[in-house]
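Colleague: Sharing a structure with you now.
The values are calculated or read from the model by the stated rules, or taken from the named source; none is laboratory data. Here the structure is a predicted model, which is why all the values come from computation and not from measurement. Here Cβ is always computed from backbone atoms with ideal geometry, including for glycine, and neighbour counts include all displayed protein chains. Just the protein is used for accessible areas: all its heavy atoms, side chains included, with ligands, DNA and RNA removed. Shrake-Rupley method; radii C 1.70, N 1.55, O 1.52, S 1.80 Å.
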Amino acid sequence: MRTNRRNFIRTTALSGVGAALFSSEVFSWTGKASRPVRLAYLSHSPASVPGLPMRWEETLLFTSVDDKAFCRLLQRDDIDAVVVDVLPSHRTPIALAAMKAGKCTAFTEPVAHSVRSVQQLAEFHAQTGTPCLFLDNDCFSRDALAVSNMARQHQFGSLTHVACGTDSLTNGLGLAMDLLAINRGNRFVSLNASVSQSWGLHEPVASVPAEENETTVKQYQLGEVMTINLQCQNGETVTVTRDLTGKRPYSRGYRVQGTNGLWMEDNDLFSRQGQDYSFSAVRPQFDHPYWQSNQAGTQAQPNALSSFITALQTQTITPANTFDALTIPLVHAIAKSSLAVWNDTINIPDWFTSTEKLTA
């Protein structure tokens, strides 16, 4: 059964921060470090304030960046970071205000939705050094952790291609970035995007009487499936598929391909040097220690919230973590630009490793 993403975040205590925040090499559990971490939760609606199995130092309903309660929150010394779950139009202003105040923020959804807002956030981060992070769950699933471990052990040989895709906002791009060391010596240099026809939107609605369908059937330009093809600086490619309006069973569509090996999540397939295996059978050799030795449940399941807390405790958040959070919305914003010019390839600005500026 599919789960609404916002409800998932509520009921799992924001347990998946994902590789868009930290590398999957960060395996830790809450409580390992001695210094307590104090988190605040910022929401736009009383209904979205979660009843989470953890103690929030503060929960605050967001109204505007000029709201006195929000301004006081950013100035509080007893708050280490703010987890933000608000409407899209508020995210960039909150991030900018928090950076200016020197307060670390972690967003439950992409922090920006345009190239210009990503550029503004990148410039503010360069000026302030304040982290702005993105919470993404994909990289802390059992399969993703095992595949990351396999990639580090060169089970795939040299990686050449990663494919991913869902109907969510991140589309599994975080795992691809982790595997390919994006913003850690590698980067996306260009992309082109295409979108399918939108026949499903043109079909008559079955529940509407036939005589009324003539007024409800319209010609929409929104396609059903968008495909983004990314080129990496080190030569690898990434394909991201996003369902815009189509209906299908939930799948992240992961495919990790290298010179010696291949993993396909939907097929439960791992192929290496011409031999095919069930990935479920191979996975125990590369499992996270939780699944190897903790079947009794004496430790918490690996999740990125605990990695986030540990990174705050040990002060190991790096600029690359913010760059990851900004790369994902930048990719999707430039993809829209590619669609607008009939699928042309567009260069991705190198804001995260140089001083290159966007030209109008």
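Colleague: Mind checking which pairs have a first residue in segment 271-289 that is under 15 Å from ARG152 (Cα atoms) and a second that is among the hydrophobic types (A, V, I, L, M, F, W, C) and open to solvent by 20 Å² or more (accessible area, probe 1.4 Å), Cβ under 7 Å, 6 or more apart or different chains?
Modeller: Cβ pairs passing all conditions: HIS288/PHE27.
Colleague: On to the next question. Just a yes or no: is a residue in segment 20-31 β-branched (Val, Ile, Thr), on the phi < 0 side of the Ramachandran plot, part of a loop (DSSP other than H, G, I, E, B) and modelled with pLDDT under 85?
Modeller: Yes: one or more hits.
Colleague: To continue, here is another question. Of all residues being surrounded by fewer than 21 Cβ atoms within 10 Å (Cβ to Cβ) and not β-branched (Val, Ile, Thr) in segment 188-200, which is farthest from LEU145 (Cα to Cα)? Just the residue, please.
Modeller: TRP199
Colleague: Would you confirm, using the coordinates I've provided, whether ASN267 is on the phi > 0 side of the Ramachandran plot and assigned to a loop (DSSP other than H, G, I, E, B)? First the steps, then the outcome.
Modeller: Values: on the phi > 0 side of the Ramachandran plot: no; assigned to a loop (DSSP other than H, G, I, E, B): yes.
In short, no.
Colleague: Now a separate question. Of all residues in segment 243-259, which are surrounded by 15 or more Cβ atoms within 10 Å (Cβ to Cβ) and either closer than 11 Å to ALA163 by Cα or modelled with pLDDT of 95 or more (or both)?
Modeller: Matches in segment 243-259: ARG252, GLY253, TYR254, ARG255, VAL256, GLN257, GLY258.
Colleague: When you scan segment 100-114, do you find a residue that is free of Cβ contacts under 8 Å to residues at least 24 places away in the same chain, of a type outside the set (Lys, Arg) and in a helix (DSSP H, G or I), even just one?
Modeller: No; the residues of segment 100-114 include none that is free of Cβ contacts under 8 Å to residues at least 24 places away in the same chain, of a type outside the set (Lys, Arg) and in a helix (DSSP H, G or I).
Colleague: For ALA296, which of the numbered conditions (1) among the hydrophobic types (A, V, I, L, M, F, W, C); (2) outside any loop (DSSP other than H, G, I, E, B); (3) modelled with pLDDT under 80 fails to hold?
Modeller: (2)
Colleague: Looking at (1) open to solvent by 60 Å² or more (accessible area, probe 1.4 Å); (2) modelled with pLDDT of 95 or more; (3) under 12 Å from ALA193 (Cβ atoms), can you tell me which one ASN347 breaks?
Modeller: Condition not satisfied by ASN347: (3).
Colleague: Any idea which residue in segment 131-143 is most open to solvent (accessible area, probe 1.4 Å), counting only those that are outside any strand (DSSP E or B) and at pLDDT below 90?
Modeller: In this case the residue turns out to be ASN137.
Colleague: Determine if segment 324-338 includes at least one residue that is more than 30 Å from GLY223 (Cα to Cα), in contact (Cβ under 8 Å) with a residue 24 or more places away in the chain and either in a helix (DSSP H, G or I) or open to solvent by less than 10 Å² (accessible area, probe 1.4 Å) (or both).
Modeller: Of segment 324-338, the ones more than 30 Å from GLY223 (Cα to Cα) are none.
Looking through segment 324-338, none of the residues is more than 30 Å from GLY223 (Cα to Cα), in contact (Cβ under 8 Å) with a residue 24 or more places away in the chain and either in a helix (DSSP H, G or I) or open to solvent by less than 10 Å² (accessible area, probe 1.4 Å) (or both).
Colleague: Which residue, of ALA95, ALA122, ALA126, ALA146, is open to solvent by 20 Å² or more (accessible area, probe 1.4 Å), in a helix (DSSP H, G or I) and either hydrophobic (A, V, I, L, M, F, W, C) or closer than 18 Å to ILE328 by Cα (or both)?
Modeller: Going through ALA95, ALA122, ALA126, ALA146 in turn, the sole match is ALA126.
Colleague: Among the residues that make up segment 268-284, is at least one of them buried (at least 20 other Cβ atoms within 10 Å of the Cβ), of a type in the set (Ser, Thr, Tyr) and in contact with a Phe, Trp or Tyr (Cβ under 9 Å, 6 or more places away or on another chain)?
Modeller: No: zero hits.
Colleague: Would you pick out the residues in segment 154-183 that are open to solvent by 10 Å² or more (accessible area, probe 1.4 Å) and either farther than 15 Å from SER271 by Cα or assigned to a helix (DSSP H, G or I) (or both)? Walk me through it before giving the result.
Modeller: As a first pass, look at segment 154-183 and keep what is open to solvent by 10 Å² or more (accessible area, probe 1.4 Å): 154-155, 157-161, 163, 167-169, 178-179, 181, 183.
The answer is ALA163, ASP167, SER168, LEU169, ASP178, LEU179, ALA181, ASN183.
Colleague: On the basis of being over 30 Å from PRO289 (Cα atoms), charged (D, E, K, R) and in contact with a Ser or Thr (Cβ under 6 Å, 6 or more places away or on another chain), does ASP136 make the cut?
Modeller: So ASP136 does not fit the description; no.
Colleague: If I ask for residues that are at pLDDT 95 or above and crowded, with 16+ Cβ neighbours inside 10 Å, which ones from segment 67-80 would you list?
Modeller: PHE70, LEU73, LEU74 - these are the residues of segment 67-80 that are at pLDDT 95 or above and crowded, with 16+ Cβ neighbours inside 10 Å.
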